[in-house]
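The values are calculated or read from the model by the stated rules, or taken from the named source; none is laboratory data. Bear in mind the structure is a predicted one, so any value in this text is a computation, not a measurement. A quick note on method: Cβ atoms are made from the backbone with ideal geometry, for glycine too, and the neighbour counts reach across all protein chains shown.
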Amino acid sequence: MKTLAYILIWFITNSIVAQAIITSGDILIMNDSIKLPGTLTYDANLKTQPLVIFVHGSGNVDRNGNQITVNIKGNYIKQLADRLNQRGIAFYRFDKRTATQENLKFLKDDMRFEYFVDDIKLAINKFKDDHRFSTITLIGHSQGSLVAMLASEEHIDKYISIAGIGEGMDTFIINSYKQVSEDMSNLAREQIEELKHTGKIVNVDPSLAHLFSEPNQSFFLSWMKYNPSEEIKKMKIRTLILNGTKDLQVLEEEAEKLHKANPKSRLVLIKDMNHVLKHIEKDEDNVKSYFSPDYPLSEALIKSIDVFIKQ
């Protein structure tokens, strides 16, 4: 009995010692006058571990995955960081340049898609020679899928696309409106053609003002230059493409387009995962999960990322 007791004590003690000790530190990266405050979290028990740099989707997304301006509080980036940290994967996440109030005065008249790519390249340079990290993986979510592709030229070991579109943004907008009505799709096509040929939409239709207001036009023009299916063909590193079957914003077909363009990639369609990475059982909870941190992340997502990074 004493021997058994000692074995149990030894097992419990060593289990406690082996538990992850998550260390968190704030890091400020500057891109000229633009502030990019972020957080690095990692297991201090490990001498070396893989690192994820997370690339946000569209909107004023902060390092946690929330957007104050539209009351989105899903907290999905923070939750993903916590779960991967527990699996021995370090995680760097930061406030997108559009989420930091002090940056807005610099963005009012000068906003281009390439600036997001520049921000990620600065983050890569920050960690590329850090010996605590064995590999660097970019995870690009939604809009960030293309941003991460364009930033993956060097110093990156692996790339993961989550809910990335597989066609140019112009085509994606036109096809999305086609699901509403043919008239809306044709209207979007006309306005986009004007933007592409003249660099400006003189009279923006009120129904498209949320997209093509004057401050947004140069940004969309710079975004439309890139076709993700063409860019992913250039990827030389190991690539994982993920999409949820409950994603209301980016359908599974987009992931399939990316995989077709790069057949060496691995494609995983995750059952019941929505756009903010949550596991959704009831359809009425899909949109609700954007506004609450109480919905769980997809376990299949966590496993897919973990296995891919550690292979």
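Note on segment 205-247: residues that are of a type in the set (V, I, T) and at pLDDT below 95 total 0. Return a yes/no flag: does segment 277-292 have any residue that is in contact (Cβ under 8 Å) with a residue 12 or more places away in the chain, part of a loop (DSSP other than H, G, I, E, B) and either basic (K, R) or within 24 Å of E231 (Cβ to Cβ) (or both). Within segment 277-292, one or more residues are in contact (Cβ under 8 Å) with a residue 12 or more places away in the chain, part of a loop (DSSP other than H, G, I, E, B) and either basic (K, R) or within 24 Å of E231 (Cβ to Cβ) (or both). Go over the candidates R266, R189 one by one and state the one that is under 19 Å from M169 (Cβ atoms) and out of contact with any Lys or Arg (no Cβ under 7 Å at 6 or more places or on another chain). On inspection, the qualifying residue turns out to be R189.
Taking residues in segment 94-112 that are part of a helix (DSSP H, G or I), and partners anywhere that are among the aromatic types (F, W, Y) and modelled with pLDDT of 90 or more, the pairs with Cβ atoms closer than 8 Å and at least 6 places apart or on different chains are R97/Y115; R97/F116. Counting the residues of segment 298-311 that are under 22 Å from I136 (Cβ atoms) and either among the acidic types (D, E) or in contact with a helix residue (DSSP H, G or I) (Cβ under 6 Å, 6 or more places away or on another chain) (or both) gives 2.
Those helices (runs of 4 or more DSSP H) of segment 183-252 in which 3 or more residues are among the polar types (S, T, N, Q) and within 23 Å of the chain's Cα centre (by Cα) occupy 214-223.
Does I124 satisfy the criteria of being assigned to a helix (DSSP H, G or I) and surrounded by fewer than 22 Cβ atoms within 10 Å (Cβ to Cβ)? It is true that I124 is assigned to a helix (DSSP H, G or I) and surrounded by fewer than 22 Cβ atoms within 10 Å (Cβ to Cβ).
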